[in-house]
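Structure first, then comments.
The values are calculated or read from the model by the stated rules, or taken from the named source; none is laboratory data. In this text, all values refer to a predicted model and were calculated from it rather than measured experimentally. Cβ coordinates were reconstructed from backbone atoms using ideal geometry, including for glycine residues, and neighbour counts include every protein chain displayed.
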Protein chains: 2
Amino acid sequence: MKNRSIIATQKDYNVEKITKIAIAKGDGIGPEIMKATLKIMKAAGAKIETETIDVGEQVYLSGNSAGITDSAWDAISRNKIILKAPITTPQGKGYKSLNVTLRKSLGLFANVRPVTALHPFVKTNFPTMDIVVIRENEEDLYAGIEHRQTEDVVQCLKLITRPGCEKIVRYAFEYARAYNRKKVTCMIKDNIMKLTDGLFHTVFKEIALEYPEIESNSQIIDIAAAKVATVPENYDVIVTSNLYGDIISDIIAEIGGSVGMAGSANIGKNVAMFEAIHGSAPDIAGKKIANPSGLLNAAVMMLAHIGQPKVADRIKNAWLATLEAGIHTADVYQESVSSKKVTTEEFADAIIERLDSNPFKFPVSNLSKGSGTITIPEYKRKNSVKKLVGVDVFIDWKGNNPEAIGNNLSEIKSHNLKLKMITNRGVKVFPNGLKETYCTDHWRCRFVAQNAEIKTTEPHYETVEYEQVIALLSKLHQNDFDLIKTENLYEFDGIRGFSLGQGE
Amino acid sequence: MKNRSIIATQKDYNVEKITKIAIAKGDGIGPEIMKATLKIMKAAGAKIETETIDVGEQVYLSGNSAGITDSAWDAISRNKIILKAPITTPQGKGYKSLNVTLRKSLGLFANVRPVTALHPFVKTNFPTMDIVVIRENEEDLYAGIEHRQTEDVVQCLKLITRPGCEKIVRYAFEYARAYNRKKVTCMIKDNIMKLTDGLFHTVFKEIALEYPEIESNSQIIDIAAAKVATVPENYDVIVTSNLYGDIISDIIAEIGGSVGMAGSANIGKNVAMFEAIHGSAPDIAGKKIANPSGLLNAAVMMLAHIGQPKVADRIKNAWLATLEAGIHTADVYQESVSSKKVTTEEFADAIIERLDSNPFKFPVSNLSKGSGTITIPEYKRKNSVKKLVGVDVFIDWKGNNPEAIGNNLSEIKSHNLKLKMITNRGVKVFPNGLKETYCTDHWRCRFVAQNAEIKTTEPHYETVEYEQVIALLSKLHQNDFDLIKTENLYEFDGIRGFSLGQGE
């Protein structure tokens, strides 16, 4: 057995034991749907104890730009589990997104979004779709590290990390095993981004081997997005990086049509937060007509997470049976398929009446058929031998003839480094560029050791000392080159850790 | 009138004048569909003169890893316009993608992909969709500039440039005006990537003002992808960057269902290439059953591009009328909607018979109702005042306590620079980080001038000299910090050219 740290297991949240939950009642329809949700959970036998926290509109308006009080932070660190109704962020600048704050502050690395078709009560072209998207939540382009260093060019860093990939991929497979799912699909673009998306894909393939009972496959993100939009029935659990996950989960929510009834989770090592996807709908607040299904589905996810999957199934099945009985809140009500239009409270009571019923047409929820346990091992950093073999120096230059800058740089023989090539927007322009290549003012100039053998099919890079890099920068600067950034070139255990230029 | 360089106008390609075209007959079904396409173009009165070029399978197998002969390159530079049937790339390593080679070598900056529903002959849930995706083709993450510099972290650079944005956005509006389109939609993620996607969006808004007769709007890419997949009827021309365009165009092709009948174009300043989207289908080669529609639609795009939009309309309308008449090749034939199953040649003849017909149900093609002219001005680089105000030094460090590295770096007072903050994956961890933030071995350490005032809501950065940066790097290196990359911090005309850390 591997040594694993535990995110959430039945050991932690024994069904006999009561789990403490921080409750954010939210704004707009928030309090109404929270009341209904809590009533249903209680009737279903959920072993929870709630503590209300203050977040949202009133907190923002009191002058707290993050929308969350200190006592709410304390309650979250005591309770570890948050069930959150939608909040209203006031109009105007300076208010920070509460979700971003919570995600960043609490290390919520996984965003989990299940979408199940509810046809014919919610119209969709895909009546049998049932997908869970597990999206990496902390890295990728969304780290937001951007630099403008020339007149023409702006840059954003896409960071993909091995611990980040291991955590999210492991979570996806553990989720599948815990909640009785059959297949995990990985989405990447590693035919283009061989190192970054390549790492995500490599980690996926490594970890998939540990779950032989779960089917796994990988797809290139553009094809994957197209297939998700046309044959969503072919997907079960999807795991992907932050940007792709953002796009894919929105496509799935939209084609499923049930955004108003879906929940989502943000999972961290110590804390997890569950919420409805929809907003606070202030226009219908207080009218007693709000649909509590989104928050209720979030509560179902929460109950499974804290080791009460049987209670989760009981609620989910009663909810499905209620929908099938045609008992619908106003947002879902259609004369052709509904039997009765009900208030929020009547809807909750109808669910409670059906707590021992299963749906007859929708698939029965069977979360409790899985292992119920999710464990994520601590990341163990490997210890590769890292060898510096060169440096990419980026230069701001307003000329347009690559031969001019290339020949100038080639003459600079600084401390045993030599110019290997120059690219502009990734395309090699020196030596032997093509005259049609359009050149911006952003030149990436690759320097390696004088005696590196780099023209063969098996290039051999010599070790470079960082002092040589510093000396090179000094010399280039003395020669009036406008140096804007550097990227060191490394080998790890003899494997090249940098891409070649297009045409190199 | 602005001073504009011309990409393609009726002046260049006068309808009275014959335009020279390089023809690649391709592999598999390529020669058959090219023959049919040329026959239809000739019958419709296209003023073209063709020269055949050798590219594809036989060229690859002769030992040419790029799949294109020197004489083909010569013919392309003479003719400027390429009509290319699908080719077969042999199995095995070392063969380069011909399309990537052509795109990079010829500066083909715009990928243009129209998708029109052909319901009921091709099934789709969206029988009225009619979209053109115009995708930037040269930059973004697809420049493929990747570096691994620590055990944990790999990085890819997303480069967005003003000339790149101006060219593609201008092309989209010019395309709309030239070919009688009404609306251009821009897709970005500038709520997260404020500088890179922000630049694309800014350029879009600037250029849109010059086309008041064309409606324009912008959408965030995740919502946009979801809406494209569910209400594609709401879109007309879409313009976006490389990665988003890759995803969006695949979604649209798939939901439209007519991948087998669609053409696409790759447009450059001097050269343009037109082709079918589908492959060479070697399994049905020589059987006389191939559908020439994909290549024919590429030819329609080509004719419009070279200033013969009336000929283009004539062919397109005859083709639509033929489809409506139920005269279908085997791939489209269905008993319920077809009247006759025909060979490639019979299909071409049926189109030729209808060259003076319009479709009665499908919308009539009216490319010639637009201005017919596309002009793209030369990029004029502005000349902002660039001021160096600091540097982000990235350090490989295996510790996990941000206070430790932060305090050590704070003690280093090198040549009037001071540590401002440290982030890990974009989240501020020093000073005043949160203990829950997971830290990789990749630390971004921001240094600014000692006397910069940076704690106010209106920070004031002092000028830094690059010598100070070099001195800092030397000092950090002497203190055994493992420096892996640097990003200079600049202001342009007093505007900050770098993002703040999350939590900064």
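A few notes on this one:
- Selection within the stretch A:283-306 - under 17 Å from A:Asn180 (Cβ atoms) and either surrounded by fewer than 24 Cβ atoms within 10 Å (Cβ to Cβ) or more than 24 Å from the chain's Cα centre (by Cα) (or both): none
- Of all residues in the stretch A:50-72, none are touching a residue at least 60 places away in the same chain (Cβ under 8 Å), polar (S, T, N, Q) and buried (at least 17 other Cβ atoms within 10 Å of the Cβ).
- Search result, residues across the stretch A:341-399 that are within 30 Å of A:Ile33 (Cα to Cα), in contact with a strand residue (DSSP E or B) (Cβ under 6 Å, 6 or more places away or on another chain) and modelled with pLDDT of 95 or more: A:Val342, A:Ala350
- Scan of the stretch A:265-292 for residues that are within 14 Å of chain B (Cβ to nearest Cβ) and at pLDDT 95 or above, ordered by number: A:Asn266, A:Ile267, A:Ala272, A:Met273
- Restricting attention to the stretch B:34-60 and to residues that are among the aliphatic types (A, V, I, L, M) and closer than 19 Å to B:Val100 by Cβ, the residue that is nearest to the chain's Cα centre (by Cα) turns out to be B:Val55.
- Some residue of the stretch B:127-146 being free of Cβ contacts under 8 Å to residues at least 24 places away in the same chain and over 18 Å from the mean Cα position of the chain (by Cα): yes
- The stretch A:212-226 residues that are more than 17 Å from B:Ala226 (Cβ to Cβ), paired with ones that are small (Gly, Ala, Ser) and surrounded by 17 or more Cβ atoms within 10 Å (Cβ to Cβ) (beta carbon under 8 Å, 6 or more apart): A:Ile214/A:Ala176; A:Ile214/A:Ala208; A:Ser216/A:Ala208
- Cβ separations smaller than 8 Å between residues 6+ apart or across chains give the following pairs from the stretch A:176-204 residues that are free of Cβ contacts under 8 Å to residues at least 40 places away in the same chain to residues that are assigned to a loop (DSSP other than H, G, I, E, B): A:Ile192/B:Gly144; A:Met193/B:Gly144; A:Gly198/A:Asp190; A:His201/A:Asp190.
- Against the test of being aliphatic (A, V, I, L, M) and modelled with pLDDT under 95, the options A:Leu141, A:Leu157, A:Leu106 yield a single qualifying residue, A:Leu106.
- Taking the conditions (1) touching a Ser or Thr at 6+ places or on another chain (Cβ under 8 Å); (2) farther than 28 Å from A:Ser474 by Cα; (3) surrounded by fewer than 20 Cβ atoms within 10 Å (Cβ to Cβ); (4) at pLDDT 95 or above in turn, B:Ala471 satisfies each one other than (2).
- In the condition set (1) within 14 Å of another protein chain (Cβ to nearest Cβ); (2) among the polar types (S, T, N, Q); (3) closer than 30 Å to A:Ala272 by Cα, B:Asn401 is compliant with all but (1).
- Count of the stretch A:474-495 residues, restricted to those that are within 9 Å of chain B (Cβ to nearest Cβ), touching a Leu at 6+ places or on another chain (Cβ under 8 Å) and under 30 Å from B:Lys104 (Cβ atoms), is 5.
- The set of residues in the stretch B:385-429 being of a type in the set (Gly, Ala, Ser) and within 17 Å of A:Thr161 (Cα to Cα) consists of B:Gly399, B:Gly426.
- One residue alone among B:Leu195, B:Leu157 is within 14 Å of chain A (Cβ to nearest Cβ) and in contact with a Leu (Cβ under 8 Å, 6 or more places away or on another chain), and that residue is B:Leu157.
- Exactly one residue out of A:Val153, A:Val112, A:Val122 is over 13 Å from the mean Cα position of the chain (by Cα), more than 30 Å from A:Thr486 (Cβ to Cβ) and of a type in the set (A, V, I, L, M), and it is A:Val122.
- Meets criteria (more than 13 Å from every other protein chain (Cβ to nearest Cβ) and of a type in the set (S, T, N, Q)) for A:Ser249: no
- Among the criteria (1) more than 30 Å from B:Gln155 (Cβ to Cβ); (2) at pLDDT below 95, the one A:Leu295 does not fulfil is (2).
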